[in-house]
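Quick notes on the structure that follows.
Here, each number is a calculation from the coordinates, and none is a lab measurement. For clarity, every value in this text was computed on a predicted model and none was experimentally measured. Please note: Cβ atoms are built from the backbone with ideal geometry, for glycine as well, and neighbour counts cover all protein chains shown.
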Amino acid sequence: LAIRHAVLTGEMPSLLDLVEALPSDRHDFWRGVVTAAERQEPATFNPNGYVVTALQAAWSAISHLPGEGQLVAGLESAIAIGNDTDTVASIAGALLGGRWGHSAIPAEWRELVHGWPGGTVDQLRELAIRAVTG
């Protein structure tokens, strides 16, 4: 829901608001999880191999950015937490990428992206556009 919101609205979602989409018996747990991520520094969430802690680490890295539009800084912050960096950075990258889009990714990074098998970044971008526009 968070990534969908970011892609469709061009805004970073409020995870606290999205908790309402969950079954009511889970609201308190997830409100606590999200609130902790927003209040505590990213490094707090290490180790982060557990899916909940990985989400907290990623959301904390995003929540503690000093300003908007900082896809690279958000990813660097997520990676700097350590431990399960590929998972944490994937979560943060999905949210940041959903919000800021392809153009926020540095050109040198885009050149390294490829699809399966032998696909190019341009083909991946076209698939993303087709997915969003139907």
*Selected residue [touching a residue at least 12 places away in the same chain (Cβ under 8 Å) and either in contact with a strand residue (DSSP E or B) (Cβ under 9 Å, 6 or more places away or on another chain) or over 30 Å from Arg26 (Cα atoms) (or both)] from Arg110, Arg125, Arg99, Arg130*: Arg125
*asked:* When the residues of segment 86-134 are narrowed to those that are among the hydroxyl-bearing types (Ser, Thr, Tyr) and not in a loop (DSSP other than H, G, I, E, B), which ends up nearest to Gly49 (Cα to Cα)?
replied: Thr87
